[in-house]
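A short write-up of the structure that comes next.
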Amino acid sequence: MALFAEIPSDDDARVFDIKSPVTLESIGQFEAATEDDVRVAVDRARKAQGAWASRSFKARSEVLWALVDQLVERQDEIVELVVKETGKTIQEAITMEVMAPCMQISHYAKYGPRYLKSVTKRPAGVMRFSKKVTLHYQPLGVVGLITPWNGPVALAMNPLAQALMAGNAVIHKPSEVTPFSAVLVQEMAEAAGLPKDIYQVLQGDGATGAALIESGVDKISFTGSVATGRKVGAACGRNLIPVTLELGGKDAMIVCSDADLDRAADGAVRGSFFNTGHYCCGTERVYVPESIYEPFVERVVDMTKRLTQATTGASDVGAVFWDKQMDIIEDHMRDAKEKGGRVLVGGERNRSLSGYYFPPTVVTDVDNTMELMTRETFGPVIAIQKVRDEEEALALANDSDYGLSGNVWTQDLERGARIAERMVTGSVSVNDISVTYGIPEAPFGGVKESGVGYVNGEIGIRGYCHIHPVIVDTSKKAQGGYPYTEESAAGMRRMLKTVFGNKILRKLFV
Ligand code: NAD
């Protein structure tokens, strides 16, 4: 049964029905925005954006703080809706969809003004005697925000807060699988005092997202899969608009032979099962040296067997949010089993529950011939591969088309940092699951197929700006160059030789 399906409508409208993965019952319908709807929304946003941008940082911060108040006041409503819409556990809904946005929005409300304040300085070199440069962080205008279903509130509100703080208007196309969370975000934004048309939600599927890119917006902030990211990147290239692409991952965990095994096993379990494994930085591959392999696997199996799965939302591992993802998880498991993978826990869809549930699963005897080790599974599966030593673990970790995040476990923190630096990924954690996205100071972005550009922190929020340098000549008389004469050219040559021909002076000058 499809959780997301188009249903017949009386006119040309494209109407979709959404079912909860917990109960398989309908939770509502929505109508997809058309190309015309998108154009009208962008037009309205453009008209409203100037007044928003002309508000002071303090006034924009106040709206963000009010948005944090909304999150706190309406947390029960958010949790209830997100659990119904996605099937994630209550604990994960609070952590990911309430707590994380509170932290992120607070960060930009407090530090946004510092990140975006105009800076004036004297340039380096000879220019310093006559020029002053001021860098202004100007809003881009109207930002198109396209988001996925695994963190419907968090992955919308974090880029939204940054784009708004920078003075932009935002048109948001949420995932077709989680449309109602976006409606709630819009309600909270209005209640927080955000002016009309500065944040608009347009429901729809890929066609609406594609229309948004063609609608004349000034940037696309995209979070989603690699396959869609390629299309979005190509369309933005055609339209010559900037884009950040936050894409999928296949994060590796390296367990060093000196690791605290209880702690590392707990890390594997949390890293792989958090959010039903629908976590872009979820641990998808675990590499363990043979010297500690048996006791490590034993601990992981033991911890996994103790986890609960139920439709109440109060259990440890929630539902699979979308039937399409269930197909991918089942395909990867089938492929792994056919090629010799050994299932120690779980491994088959949990049919004892009426909704879409896959049990927490542990698989060993895996290798790179299997999709489970090479393509993003995005499900509650721990895949453990025995390796000779840490060097082999590192080589396998880096032998991937993806490069989002990863983690290293050792009691020797310096060794951990050395291995972390050699991981070809956007970020790495030592002795923790990947938490980079939750630390606003850490620029978050993938390498290889995992993305282009950064979200979060100073570099992230400045990505919603055009950096506009204004250069003022402060000298008393004109700096004219004409007429060119042999004498003026000789003067230039002398200056070149004196400054850049001198090893000390050239360092002083730049
Ligand atoms: P998806 O790529 O299928 O969809 C993402 C969004 O793009 C949806 O809103 C969808 O409607 C829209 N879309 C689809 N086709 C489009 C097109 N041609 N033009 C414009 N928009 C289009 O991804 P998903 O299945 O919703 O999300 C899961 C993926 O997101 C996973 O790969 C996961 O790793 C990734 N993800 C990445 C991060 C990160 O920060 N790197 C965070 C969360 C999720």
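A few points about this structure:
- Restricted to strands (runs of 3 or more DSSP E) entirely inside the stretch 353-461, no element has at least 3 residues that are within 12 Å of the ligand (Cβ to nearest atom), within 25 Å of the chain's Cα centre (by Cα) and in the same structural domain as ARG285 (by TED's automatic domain parsing).
- Subset of the stretch 220-236 (residues that are more than 8 Å from the ligand (Cβ to nearest atom) and either over 17 Å from the mean Cα position of the chain (by Cα) or farther than 20 Å from ALA45 by Cβ (or both)): ARG230, GLY233, ALA234, CYS236
- Any strands (runs of 3 or more DSSP E) falling wholly within the stretch 228-318 and containing at least 3 residues that are over 17 Å from LEU394 (Cβ atoms) and either touching a residue at least 24 places away in the same chain (Cβ under 8 Å) or outside the structural domain of LEU212 (by TED's automatic domain parsing) (or both): 243-246
- Cβ pairs under 8 Å, 6+ apart, first in the stretch 439-463 and farther than 23 Å from CYS102 by Cβ and charged (D, E, K, R), second part of a helix (DSSP H, G or I) and open to solvent by 10 Å² or more (accessible area, probe 1.4 Å): GLU449/VAL226
- Among residues that are at positive phi and surrounded by fewer than 22 Cβ atoms within 10 Å (Cβ to Cβ), ASP365 is included.
- Residues (surrounded by fewer than 17 Cβ atoms within 10 Å (Cβ to Cβ) and either touching a Cys at 6+ places or on another chain (Cβ under 9 Å) or not acidic (Asp, Glu) (or both)) located in the stretch 15-26: VAL15, THR23, LEU24, SER26
- One residue from GLU80, GLU85 being among the charged types (D, E, K, R) and touching a helix residue (DSSP H, G or I) at 6+ places or on another chain (Cβ under 7 Å): GLU85
- Counted residues, the stretch 407-451 - those being basic (Lys, Arg) and either at pLDDT below 95 or in contact with a Ser or Thr (Cβ under 9 Å, 6 or more places away or on another chain) (or both): 1
- Counting the residues of the stretch 462-510 that are closer than 30 Å to GLU441 by Cα and part of a loop (DSSP other than H, G, I, E, B) gives 3.
- Hey, HIS278 more than 21 Å from the chain's Cα centre (by Cα), under 27 Å from VAL447 (Cβ atoms) and within 16 Å of the ligand (Cβ to nearest atom) or not: no
- Checking PRO289 against (1) open to solvent by 10 Å² or more (accessible area, probe 1.4 Å); (2) away from the ligand (no atom under 12 Å from the Cβ), the condition it does not meet: (1)
- Members of the stretch 203-219 found to be near the ligand (Cβ under 8 Å from one of its atoms) and either out of contact with any Asp or Glu (no Cβ under 6 Å at 6 or more places or on another chain) or free of Cβ contacts under 8 Å to residues at least 40 places away in the same chain (or both), listed by number: GLY204, GLY206, ALA207, THR208, GLY209, ALA210, LEU212, ILE213
- Selection count where residues are in contact (Cβ under 8 Å) with a residue 60 or more places away in the chain and either among the polar types (S, T, N, Q) or open to solvent by 80 Å² or more (accessible area, probe 1.4 Å) (or both), scope the stretch 56-71: 4
- In the set (1) touching a helix residue (DSSP H, G or I) at 6+ places or on another chain (Cβ under 7 Å); (2) free of Cβ contacts under 8 Å to residues at least 60 places away in the same chain; (3) open to solvent by less than 30 Å² (accessible area, probe 1.4 Å), the condition left unmet by LEU160 is number (1).
The values are calculated or read from the model by the stated rules, or taken from the named source; none is laboratory data. Only a predicted model underlies this, so the values are computations on that prediction, with no experimental measurement involved. Neighbour counts are summed over all protein chains in view; Cβ atoms, including those assigned to glycine, are modelled from backbone coordinates with ideal geometry. We work out accessible area using only protein heavy atoms, side chains counted, and drop any ligands, DNA or RNA first. Shrake-Rupley method; radii C 1.70, N 1.55, O 1.52, S 1.80 Å.
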